[in-house]
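Take a look at the structure set out below.
Readers should treat all values here as calculations from the given coordinates under stated rules, not as data from a laboratory. Since the structure is predicted, the reported quantities are computational estimates derived from the model, not experimental observations. Ideal geometry is used to build each Cβ from the backbone, glycine not excepted, and the neighbour counts take in all protein chains shown.
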């Protein structure tokens with residue numbers, strides 16, 4: 001499949017792989033265990049925690065989309081994040097962005113407090129801070145670009161060069177863009193992490209994750225730890241995610257088209273103070289995003305010029321944006337990061353990251369763009385009437 005373009009790979013992964021009955025779509029293997037061919041002779045799979053045919057097809061599919069060697073499928077996005085930390089020992093240093101996803105922040109912070117490893121949260125867009133942190137010779141430099149929820153962008157290739165100079169591994173959380181819009185391994189990263197719950201599955205009906213490595217030996221190491229720690233994904237979830245991945249390219253194009261229309265609308269709204277999206281020329285990471293991304297994505301945030309009551313009015317008057325966590329599904333979602341996705345962070349950590357109570361995050365779905373804009377317009381007018 002390597003000779004084909006990404007959309008073709010996404011559609012054709014596993015197709016016509018069934019040798020027993022010739023089914024076009026690969027079957028789902030729900031069996032928990034598999035017979036041995038004989039004494040000490042494994043057929044290829046023995047127990048589904050350690051290996052499953054359906055999960056193997058999905059892992060291979062995502063690895064190919066990321067141009068990696070190995071894909072390990074986990075039971076959640078946070079399980080994928082946790083799996084990578086298995087590479088760390090007490091005293092090892094993890095450098096993480098100060099504005100990363102709240103769940104990642106919580107995991108790194110809590111593990112560090114238990115002395116599993118050390119962590120330093122820094123503004124990775126600050127060259128001086130980054131250089132000082134890398135000079136400490138970390139074991140892992142963790143990137144999240146664009147970041148959640150402020151869509152900050154960092155130069156993956158540049159940071160990879162700096163990290164490799166001190167022997168550090170670079171891990172990139174690519175959840176916001178998916179391999180359809182960004183391929184960090186091509187830019188020098190060692191590991192890519194996904195919450196496949198989001199764009200890769202795309203239908204808000206599966207919780208799962210993936211870890212993809214450039215190096216096969218590193219991938220095998222992580223696969224061993226996934227089995228050891230019991231972090232691997234289920235066969236049914238893998239089957240559903242494989243079904244979702246077949247429409248990834250088409251969905252991403254529609255997501256992007258709708259996002260562009262809504263951003264243009266938001267720029268006309270007096271109640272919108274700042275829009276955080278790298279497509280905007282005044283975004284600090286605009287030029288970097290143009291270099292390392294295929295497009296700018298359909299996730300963005302904005303500051304609403306309103307008090308707490310105004311925020312409540314805004315959310316209550318939306319009909320087509322569901323107030324819910326997660327992202328990347330076919331349905332549009334609205335979130336309040338300070339009290340939802342990033343509530344695990346302290347008030348001080350939120351303030352340092354720039355996450356304030358007026359910040360609203362949108363995940364733009366596949367509804368008609370005109371209907372989505374009308375829905376937002378109705379909510380803005382309701383807030384304005386309350387002022």
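Using just the C-alpha positions of the stretch 132-174 as equal point scatterers, what log10 of I(q)/I(0) does the Debye formula give at each q in 0.15, 0.24 1/Å? Those come out to -0.35, -0.79, one per q.
Cβ-Cβ distance of residue 344 and residue 39, R₀ of 51 Å, FRET efficiency by 1/(1 + (r/R0)^6): the value works out to about 0.55. Translational diffusion coefficient of the stretch 249-387 (Stokes-Einstein, Kirkwood radius from Cα pairs, 10 °C, 1.306 mPa s): 102 µm²/s. Rounded to the nearest 10 degrees, the angle from helix 235-245 to the longest Cα principal axis of the chain is 60 degrees. What's the angle, to the nearest 10 degrees (0 to 90), between helix 53-65's Cα axis and the longest principal axis of the chain? Around 60 degrees separate the two axes. With the biggest extent put first, the Cα atoms of the stretch 53-181 measure 44, 32, 29 Å across the principal axes.
Under the criterion of Cα pairs below 8 Å and six or more residues apart, the relative contact order for the stretch 248-386 equals 29 percent. A simple spin-label model places the labels of residue 120 and residue 267 3.9 nm from each other, with each point 7 Å out along Cα-to-Cβ.
Shape analysis of the stretch 21-84 based on the Cα gyration tensor places the equivalent ellipsoid semi-axes at 23, 17, 12 Å, largest first.
Its DSSP H runs of at least 4 residues, each contributing -39,500 (n - 2.57), put the calculated 222 nm mean residue ellipticity of the chain at -11000 deg cm²/dmol, to the nearest 500. Segment residue 215..residue 92, full-extension length gain: 42.2 nm, with 0.36 nm per residue of separation and the alpha-carbon distance subtracted. Computing FRET efficiency as 1/(1 + (r/R0)^6) for residue 129 and residue 250, where r is the C-beta to C-beta distance and R0 is 41 Å, gives about 0.55. Out of every Cα-Cα pair that the chain contains, those further apart than 41 angstrom amount to 14 percent. The stretch 301-348 and the stretch 183-200 have Cα centres lying 26 Å from one another.
Which residues in the stretch 353-387 place their backbone N less than 20 Å from a point set 7 Å from the Cα of residue 312 along the Cα-to-Cβ direction? Flagged as within label range: 356-361, 379-387. The packing ranking of peptides 137-150, 16-29, 322-335, highest mean first, is 137-150, 322-335, 16-29, where packing means the average number of other beta carbon atoms within 10 angstrom of each residue. Dividing the alpha-carbon radius of gyration of the stretch 224-324 by the rule-of-thumb value 2.2 N^0.38 Å gives 1.47. Under 13 Å from a label point set 7 Å out along the Cα-to-Cβ vector of residue 331, the amide N atoms of the stretch 366-384 belong to 366-367.
Calculate how steeply helix 248-266 sits against the longest principal axis of the alpha-carbon atoms of the chain, using the helix alpha-carbon long axis, and give the answer as 0 to 90 degrees to the nearest 10. In the chain, helix 248-266 runs at an angle near 10 degrees to the longest axis.
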